[in-house]
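Following: one structure in structure tokens, then a few remarks.
The values are calculated or read from the model by the stated rules, or taken from the named source; none is laboratory data. Quick caveat: nothing in here was measured; it's all calculated off a predicted structure. Cβ atoms come from the backbone with ideal geometry, glycine included; neighbour counts cover every protein chain shown.
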Amino acid sequence: HCSHELLIPYLTLTGAAVLHTHETKQVLSYTVFPHLHGRVAIVTGGSKGIGYETARQLTSLGMHVIIAGNREEESQNAVRRIREENVKGKVEGCHLDLTSLRSIREFVQTFKDRGLPLHVLVNNAGVMLVPERKTEDGFETHFGLNYLGHFMLTQLLLDTLKHSGKQDSCARIVTVSSATHFVGEINLEDLQSRSCYSSHGAYAQSKLALVLFSYYLQQTLTAEGSHVTANVVDPGVVNTDLYQNVSWPTHLCKQLMSRLLFKSPEQGASTSVYAAASPELEGVGGCYLYNGQRTKSADASYDEELQRRLWRLSCSYVGIQEEGQCSLSSRQLTSQVL
């Protein structure tokens, strides 16, 4: 991982420079999405950046969108801005701290107590290149928030997603990864990056873990005959606050290139919205989507043994021991919250 310290920002920024501008900044044009009145979506990290634009666009399609975030003021500002547009749907904020397994359980319990269906879960929240530190539960921050928090959230909401999905209208799980996963490595013996910490390596590992998880999840959903699909999206190189922790030379390069080559958050959200709402993806899962098209992810992401082993380790990390029983019942969930 330490070898990634200079490699990843170089790949991210110089890689953006060689892309054609019309490919990078293009706002994707699809067939007009159907009105989605009555459908419920949860968007993590929906108060700013790609998450905000995802929440805004889904609300404009008539959905009831719940912005899940750990900063109440930011969430409420996002809700207010979306409502001011007089969009067709409904939007609200709800507290969720993905660095805390307890907070995740409480969020899910609060949501389930309302008796709402869940048709779309967008696993969008994330941090990038933060200094070495641990979550409340002792996990490395990139691994704990970007990956494991979403792993647990998804598992706890699976039963609601399964009940909400129908044969001709599947529930959808949309997980946001990035092209950085191509240089990621999964070290199952050191997922917390204790032996050699690199913020770049830890970030890349978390994004690869999300792809592995999504693919394995789709396999289990297909085997069960569930009307739920799981896809991964790559938003491209987007001008967001995620770059606030990069080194000053990288930040300078980013500032110089962002207006010319980087996507806006609205453009970056387009593939997430496509995955969440497009009729073209009805019943389709297990895909890696970039610019609204199915494409190939890193070779390592298709390693089924690695998928299975990461899944089992993740189940044990969140306190669920048996593979295939990662989705807690309401009774189990309540007991763990209490």
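Taken over the stretch 107-139, residues that are touching a strand residue (DSSP E or B) at 6+ places or on another chain (Cβ under 9 Å) and buried (at least 20 other Cβ atoms within 10 Å of the Cβ) amount to 11. Of all the criteria given as (1) over 21 Å from F139 (Cα atoms); (2) in contact (Cβ under 8 Å) with a residue 24 or more places away in the chain, the one not satisfied by L101 is (1).
Identify the residue in the stretch 195-214 that is out of contact with any strand residue (DSSP E or B) (no Cβ under 8 Å at 6 or more places or on another chain), touching a residue at least 24 places away in the same chain (Cβ under 8 Å) and not hydrophobic (A, V, I, L, M, F, W, C) and, among all such residues, is farthest from D159 (Cα to Cα). Going through the qualifying residues, I end up with S198.
How many residues does the stretch 123-178 hold that are part of a loop (DSSP other than H, G, I, E, B), of a type in the set (G, A, S) and within 26 Å of K296 (Cα to Cα)? Outline the logic, then answer.
The initial filter retains those residues of the stretch 123-178 that are part of a loop (DSSP other than H, G, I, E, B), namely 124-133, 135-139, 165, 167-168, 170, 177-178.
Pick out the ones that are also of a type in the set (G, A, S) and you get 125-126, 138, 165, 177-178.
Next cut, within 26 Å of K296 (Cα to Cα) only: 125-126, 177-178.
Number satisfying all stated conditions: 4.
For the stretch 86-106, the set of residues classified as basic (K, R) and in contact with a strand residue (DSSP E or B) (Cβ under 7 Å, 6 or more places away or on another chain) consists of K90 only.
Scanning the stretch 210-236 for residues that are in a loop (DSSP other than H, G, I, E, B) and surrounded by 24 or more Cβ atoms within 10 Å (Cβ to Cβ) gives a single hit, P235. Among the helices (runs of 4 or more DSSP H) confined wholly to the stretch 49-119, which include 1 or more residues that are out of contact with any Cys (no Cβ under 9 Å at 6 or more places or on another chain) and of a type in the set (F, W, Y)? Counting at least 1 such residues, we get 49-60.
With the structure loaded, tell me whether V43 is touching an Asp or Glu at 6+ places or on another chain (Cβ under 8 Å), at pLDDT 90 or above and outside any loop (DSSP other than H, G, I, E, B) or whether it fails that test. When the stated conditions are applied, V43 does not pass them. Given the criterion assigned to a helix (DSSP H, G or I), among the small types (G, A, S) and modelled with pLDDT under 95, identify the matching residue among S272, S335. It is S335. When the stretch 50-72 is filtered for residues that are surrounded by fewer than 22 Cβ atoms within 10 Å (Cβ to Cβ), of a type in the set (G, A, S) and out of contact with any Leu (no Cβ under 7 Å at 6 or more places or on another chain), only S60 remains.
Report yes if S75 is polar (S, T, N, Q), closer than 24 Å to M152 by Cβ and either surrounded by fewer than 19 Cβ atoms within 10 Å (Cβ to Cβ) or out of contact with any strand residue (DSSP E or B) (no Cβ under 9 Å at 6 or more places or on another chain) (or both), otherwise no. Spell out the reasoning first.
Numbers: polar (S, T, N, Q): yes; closer than 24 Å to M152 by Cβ: yes; either surrounded by fewer than 19 Cβ atoms within 10 Å (Cβ to Cβ) or out of contact with any strand residue (DSSP E or B) (no Cβ under 9 Å at 6 or more places or on another chain) (or both): no.
In short, no.
On the given criteria, is S169 surrounded by fewer than 19 Cβ atoms within 10 Å (Cβ to Cβ) and among the hydroxyl-bearing types (S, T, Y)? Give the derivation first.
Numbers: surrounded by fewer than 19 Cβ atoms within 10 Å (Cβ to Cβ): yes; among the hydroxyl-bearing types (S, T, Y): yes.
Criteria met by S169.
Filter the stretch 129-146 for residues that are among the hydrophobic types (A, V, I, L, M, F, W, C) and in contact with a Lys or Arg (Cβ under 9 Å, 6 or more places away or on another chain) and give the result. Even if it seems obvious, please write down each step before you answer.
Start the filter on the stretch 129-146 by keeping residues that are among the hydrophobic types (A, V, I, L, M, F, W, C), which leaves 129-130, 139, 143, 145.
Matches in the stretch 129-146: none.
Does F107 count as over 30 Å from T180 (Cα atoms) and of a type in the set (A, V, I, L, M, F, W, C)? Full working, then the answer.
Working: over 30 Å from T180 (Cα atoms): no; of a type in the set (A, V, I, L, M, F, W, C): yes.
Considered against the rule, which asks whether it is over 30 Å from T180 (Cα atoms) and of a type in the set (A, V, I, L, M, F, W, C), F107 comes out as no.
Only one of the numbered conditions (1) touching a residue at least 40 places away in the same chain (Cβ under 8 Å); (2) β-branched (V, I, T); (3) more than 25 Å from Y215 (Cα to Cα) is not met by V122, and that is (3).
Taking first residues from the stretch 60-74 that are more than 14 Å from A269 (Cβ to Cβ) and without any contact (Cβ under 8 Å) to a residue 40 or more places away in the chain and partners that are in a loop (DSSP other than H, G, I, E, B) and hydrophobic (A, V, I, L, M, F, W, C), the Cβ contacts under 6 Å between residues at least 6 apart in sequence or on separate chains come to G62/L36.
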